[in-house]
1. Above 19 angstrom, tally the Cα pairs of the range 212-362 and express them as a % of all pairs, no decimals.
2. If you take the Cα Rg of the range 218-301 and divide it by 2.2 N^0.38 Å, with N the number of residues, what do you get?
3. Within a Cβ distance under 13 Å of CYS246, other residues only, what is the Lys/Arg minus Asp/Glu net charge?
4. Sorted from fewest to most neighbouring beta carbons within 10 Å, what does the list ILE241, ILE302, ILE363 look like?
Amino acid sequence: MTPDRKTCFRVGASLFALYLAILYWPTAVRLLGELLGAAFPLIIGCVVAYLVNILMGFYERHWFVKKPKEKLARLRRPCCMLAAFATLTAVVLLVLRLVVPELTLCVQLIFAELPDAVRALAAWLDRGHLVPAEWIESLSSIDLREHLETMLKALTTGVGSVMGTAISAVSSAVSGVVTAVLAVIFAIYLLLGKETLGAQCDRLLRRYLSRPVYDKTRYVLSVMDDSFHRYIVGQCTEAVILGVLCTLGMWVLGLPYATMTGALMAFTALIPVAGAYIGGGIGAFMIMTVSPMEAVVFLLFIVVLQQVEGNLIYPRVVGSSMGLPAIWVLAAVTVGGGMMGILGMLLGVPLAATLYRLLREDIRRGPMRAGL
C-alpha cells in the first residue's frame, strides 16, 4: 500500500525535527530550561488551582445544594473559592502561630544556656579525669557567648559586602513575592473558568486526535485525576491522624510542647515517610531545651509511632482510598523517593495507582492466553 503525501510529509517533518534536536541538543535543552523558568509561575498556579479545587469542590457540593436564585447562583463559585483559600491560609497560619514563637524561644534559650552547660561538662570531665587537664583548661577558657554573637553577626550581615547581600536578599524576596502573586492570580482565573477551559481542551483533543486515541486519552486522564484526588485527600487524612496520635501520646508520656509538636507533625507528614522524621527532629530539639532525657523519650516514641504509621496507617488509609494494595504503596514511595527525593515520594503513589488501575482494567477486558 502506497502512503499518501500527508503521511510522507509527517514522517519527513518528524525525522527532520529529530535531526535538529540531536544536532542542537545543548541549545534545545537551554531553551527548554528558559521556557520552563519563564512559565514557572504558571506551573505553580496550576498546582495551586488543582489543590484548591479539591476543597472548593467540597464546599460547592455542600453549599448552594438546591438551585438558588439567579443572583445567588453567580456568587456560588466566588464564595466557595474564597472559602477554600481562606481555609488553607488559616491552617498554615495556625501551624506557624503554634510553632514559630516556641521555636524562637527555644533557640534563644539554647544560646543563653549553652555556655553554662559547656562549663558544667568541663567540670564533670575534670572530676572524672576522663580527658587530659590541658583539654579541660582550653575548653573552659573558650568564650562561647562571644563566638555565638560573632556567628549571629556573620549570619545576619554576611561575609561579603553588606550592600550586595542586602540587594540580593531584596531581589530574591521580590522575585518570590511576584511569583507567588502571579501563581495565585493564574490559579484564580483557572478556578473561575475551569468548565470553559475543560470544554476548550476537549474540543482541541477531538479536533487533532482520532476517536480511539481520544477515548483512550480521556480515560487515562480521568483515571490519573481520580488517583491524584484520592491521594491528596488520603494524605491529608493520614496527616491529621498522625498529628492527633502524636499529641495524645505526648500527653500520656507527660512530654512538653504536645499540642505544638502534634500540629508540626501533622503539617510535615504531608511529605510521605520523611515528613514525620523532619517534624520529629524539630520537636526533639525544642523538648531538649526543657529536658534532654525527655527529648530521648520523645525520639523513641517517634520511632515507634513512625513504624506504626509507615507500615499500618499510611498504606491502609492512603492505599485503601486509592484502591492500591499496601505493598505497592510502600514500593511506590521507596522507588519514587530513590529516584526524585521528596518530589518522587509525592508523585510516586498516585502515578503507581494510575498505572495499577489501567493495567487491572486492561487485564480484565482482554482475553487470557492459552495455558495461563
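1. Of all Cα-Cα pairs in the range 212-362, 54 percent lie more than 19 Å apart.
2. 1.35
3. -2
4. Going from sparsest to densest Cβ surroundings: ILE363, ILE241, ILE302.
Since every read-out is calculated from the coordinates, none of them should be taken as a lab result. The shown structure was predicted, so the numbers you read here are calculated from the model rather than taken from an experiment. As a convention, Cβ positions derive from the backbone with ideal geometry for all residues, glycine included, and neighbour counts pool all protein chains shown.
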